[in-house]
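The values are calculated or read from the model by the stated rules, or taken from the named source; none is laboratory data. Since the model is a prediction, treat every value here as computed from it, not as a measurement. Note that each Cβ is placed from the backbone with ideal geometry, even for glycine, and that neighbours are counted across all protein chains shown.
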Amino acid sequence: MNELAVALEAARAAARLLEERPKRVDHKGVVDLVTEIDRACEAAVREVLARHTPDIEVLGEEEGGSTRATRWVVDPLDGTTNFVHGFPAYAVSVGLEVDGEPVVGVVIDAARGVEYAAAKGRGATADGEPIRVSEVRSLEQALLATGFPYDRRERAAHYLKSVKRALETSQGVRRAGAAALDLALVAAGRLDAYWEFTLSPWDVSAGIVLVREAGGVVTAHDGSPIDRHRPCPLAANPYLHDAMIRMLAEAHA
Ligand code: IPD
Ligand code: CA
Ligand code: CA
């Protein structure tokens with residue numbers, strides 16, 4: 001079984017569990033929720049990965065794990081707050097990094113039942129159909145998305161600077177609340193660009209492969225290579241990437 005098929009099987013095992021509503025919600029922080037389903041989803045993903053690829057270590061949001069350059073990177077439930085509220089934007093994200101580079105990515109949009117998948121050099125698909133980033137060439141015509149990390153209460157003013165600039169220059173700004181899905185939607189050309197501050201590897205690893213294989217660009221906000229440990233992603237179609245770098249630089253000047 002190749003790694004993309006393994007990632008799909010693992011993500012499906014977790015997505016099945018998201019058909020239930022959560023019974024118990026704990027708080028990691030004031031705005032950071034975790035449900036018993038986050039943990040069950042991670043266990044389901046790990047079980048599949050351990051069965052097919054016992055030699056590859058796993059980093060998962062709930063159980064932690066590998067710091068190796070070659071590893072599975074798992075967000076068992078991205079968009080927990082949405083899931084708890086029943087807002088239909090949450091996903092399972094399973095990525096494989098080899099020598100520090102994301103090379104396989106599967107993101108399952110569990111509420112809509114769409115499977116996004118990509119492997120380096122093999123393109124990106126949604127439910128098996130090829131997807132491409134959009135061809136929008138100006139920010140004025142672009143639909144953008146962002147997100148707010150869990151220190152949003154302390155750093156709201158900082159995050160709002162780029163939102164303000166984006167509202168002034170683009171066609172619209174969305175904040176759906178699941179980073180892996182934001183990346184998948186850029187890959188599918190439904191969003192033209194997406195940026196966010198200080199995420200974790202599991203939020204972006206799979207989505208990066210989707211965007212790149214769909215013809216898009218993913219970097220840090222200034223265009224430099226993304227930090228795989230504390231990623232601040234900027235994902236865009238290739239025509240908008242420079243304009244997004246300028247927009248973010250202006251916002252934070
Ligand atoms: C969160 C979501 C959200 C983003 C946060 C993430 P979680 O992940 O991706 O969109 O804005 O920064 O931490 O906690 O729901 O897996
Ligand atoms: Ca996440
Ligand atoms: Ca999560």
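I'd like the full set of residues that are more than 22 Å from residue 21 (Cα to Cα) and within 13 Å of ligand 3 (Cβ to nearest atom), limited to region 50-94. Selection gives 59, 64, 73. Checked across region 85-95, the condition of being outside the structural domain of residue 229 (by TED's automatic domain parsing), under 21 Å from residue 200 (Cβ atoms), more than 16 Å from ligand 2 (Cβ to nearest atom) and among the aliphatic types (A, V, I, L, M) holds for no residue. When you look at residue 167, is it over 19 Å from residue 98 (Cα atoms) and within 16 Å of ligand 3 (Cβ to nearest atom), yes or no? It is false that residue 167 is over 19 Å from residue 98 (Cα atoms) and within 16 Å of ligand 3 (Cβ to nearest atom). Restricting region 162-220 to residues that are of a type in the set (Ser, Thr, Tyr) and not in a helix (DSSP H, G or I), the residue that is modelled with the lowest pLDDT is 198. Take residue 253 and tell me if it is among the small types (Gly, Ala, Ser), touching a residue at least 24 places away in the same chain (Cβ under 8 Å) and either more than 16 Å from ligand 3 (Cβ to nearest atom) or outside any loop (DSSP other than H, G, I, E, B) (or both). The answer is no for residue 253.
Within region 69-87, the set of residues being within 14 Å of ligand 1 (Cβ to nearest atom) and either without any contact (Cβ under 8 Å) to a residue 60 or more places away in the chain or buried (at least 23 other Cβ atoms within 10 Å of the Cβ) (or both) comprises 73, 74, 75, 76, 77, 78, 79, 80, 83, 85.
To keep it simple, each residue is scored yes or no on (1) within 18 Å of residue 198 (Cα to Cα); (2) touching a Pro at 6+ places or on another chain (Cβ under 9 Å); (3) among the aromatic types (Phe, Trp, Tyr).
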{"residue": "72", "(1), (2), (3)": "no, no, yes"}
{"residue": "79", "(1), (2), (3)": "yes, no, no"}
{"residue": "83", "(1), (2), (3)": "no, yes, yes"}
{"residue": "104", "(1), (2), (3)": "no, no, no"}
{"residue": "142", "(1), (2), (3)": "no, no, no"}
{"residue": "150", "(1), (2), (3)": "yes, no, yes"}
{"residue": "154", "(1), (2), (3)": "yes, no, no"}
{"residue": "166", "(1), (2), (3)": "no, no, no"}
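If you go through region 90-109 and pick out every residue that is surrounded by fewer than 21 Cβ atoms within 10 Å (Cβ to Cβ) and either assigned to a strand (DSSP E or B) or within 13 Å of the chain's Cα centre (by Cα) (or both), you end up with 2. Within region 29-44, at least one residue is more than 16 Å from ligand 2 (Cβ to nearest atom) and under 30 Å from residue 122 (Cα atoms).
Exactly one condition in (1) within 11 Å of ligand 3 (Cβ to nearest atom); (2) part of a loop (DSSP other than H, G, I, E, B) is false for residue 122; which is it? All conditions pass for residue 122, except number (1).
For region 32-53, filtering for residues that are surrounded by 15 or more Cβ atoms within 10 Å (Cβ to Cβ) and either assigned to a loop (DSSP other than H, G, I, E, B) or at pLDDT below 95 (or both) leaves 8.
If you go through region 54-71 and keep only what is within 15 Å of ligand 2 (Cβ to nearest atom) and part of a strand (DSSP E or B), you end up with 59, 60, 64. In the set (1) surrounded by 18 or more Cβ atoms within 10 Å (Cβ to Cβ); (2) within 16 Å of ligand 2 (Cβ to nearest atom), residue 230 fails one condition alone, (1).
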